[in-house]
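Before any comments, here is the structure.
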Amino acid sequence: MTPVADGVVAEVERPAAAAAAVASHRTEPLLAVEEVSVAFGGLRAVDRLSFEVDPGTIVGLIGPNGAGKSTALKIIGGEVRPTSGRVRFDGTDLVGTAPHEAARRGLVRTFQLGGEFGRLTVMENLLVAVPGMKGQSLLGALAGKRFWRASQDAEVRRARDILSGLQLRDKEDAYASDLSGGQRKLVEIARALMARPKMLLLDEPMAGVNRSLARRIEETLSSLRAEGIALLLVEHELGSVERLCERVVVMASGSKIAEGDMSEVRSRDDVLSAYLGRRR
Ligand SMILES: Nc1ncnc2c1ncn2[C@@H]1O[C@H](COP(=O)(O)OP(=O)(O)OP(=O)(O)O)[C@@H](O)[C@H]1O
Ligand SMILES: [Mg+2]
């Protein structure tokens, strides 16, 4: 266990503190990242990073290229094990937990629809994303539409509902590889929703997407929050971050350098120079 400087761990662990939090009706954070670090060779990609996400809120994780944002998401989602620190999600410790186990507990990271998944239809992509579903293997998916239609009615209906919400209902039988980049991003979100998440981890969901689809993705994210799903959003498109996020965490060179609402952090000199310093 790592030493923590600011007593975050103690606050979570001490029953008296927990009782006090309940007594004051303070919401427990859904996600608590506590002093998390990881190094690649000599490079401290993430350096004692701490922040929290409350249920049903959107937190932005921003910073210049190479700041450590994607690595932080991978630590939280269980793909990269931190050398120190803790990740607590919904009351349990996540460090050392595999991504599929984190997903089972309600924390889901979106994945790019690459490789084999391009050869599946949109519907098949959604159905293979259901955790623990019979026939979850790619082979099962490749058995074809009839197999799904016959045996997975409830999940098919749910997949259709999700696709309708994203205005993708007419793409159900399209191959993922035939979709535009923006549509693929929406399918990635749709796949994550099939797992019934409490929280989604999104890495640049608007990157390379045209403006109208980016707006649709924004609306989607905002309606997910309205449904009570929390989001951690890594995104370079700061206009979207400002419209969506009640709070942002700014990283540079692996560390958190600022936290607050977007209008607060964007006027700070250290935030501006972290961005400008990398864009030279
Ligand atoms: N698997 C790895 N092995 C070695 N170095 C890595 C690895 N993953 C990331 N890094 C390095 O760690 C640092 C942080 O990378 P990361 O991808 O987390 O940044 P980022 O904030 O997501 O950047 P971007 O905005 O460009 O996506 C970078 O210097 C990167 O080169
Ligand atoms: Mg990244």
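From T92, T57, grab the single residue that is away from ligand 1 (no atom under 16 Å from the Cβ) and modelled with pLDDT under 95. Can you show your working first?
Details: T57 fails: modelled with pLDDT under 95.
The match here is T92.
Does V248 meet the test of being in contact (Cβ under 8 Å) with a residue 24 or more places away in the chain, closer than 22 Å to S50 by Cβ and either small (G, A, S) or not in a helix (DSSP H, G or I) (or both)? Walk me through how you get there before you give the answer.
On the way: in contact (Cβ under 8 Å) with a residue 24 or more places away in the chain: yes; closer than 22 Å to S50 by Cβ: yes; either small (G, A, S) or not in a helix (DSSP H, G or I) (or both): yes.
It is true that V248 is in contact (Cβ under 8 Å) with a residue 24 or more places away in the chain, closer than 22 Å to S50 by Cβ and either small (G, A, S) or not in a helix (DSSP H, G or I) (or both).
Please work out which one of (1) out of contact with any His (no Cβ under 8 Å at 6 or more places or on another chain); (2) buried (at least 18 other Cβ atoms within 10 Å of the Cβ); (3) not hydroxyl-bearing (S, T, Y) is the condition A98 fails and give its number.
So the condition that A98 fails would be (2).
Considering only the stretch 169-209, how many residues are in contact with a helix residue (DSSP H, G or I) (Cβ under 6 Å, 6 or more places away or on another chain) and more than 22 Å from G106 (Cα to Cα)?
Summing the residues that are in contact with a helix residue (DSSP H, G or I) (Cβ under 6 Å, 6 or more places away or on another chain) and more than 22 Å from G106 (Cα to Cα) in the stretch 169-209 gives 10.
The values are calculated or read from the model by the stated rules, or taken from the named source; none is laboratory data. Computed from a prediction, not measured in an experiment: that's the story for all the values here. Counting neighbours? That spans all protein chains shown, and the Cβs are built from the backbone with ideal geometry, glycine included.
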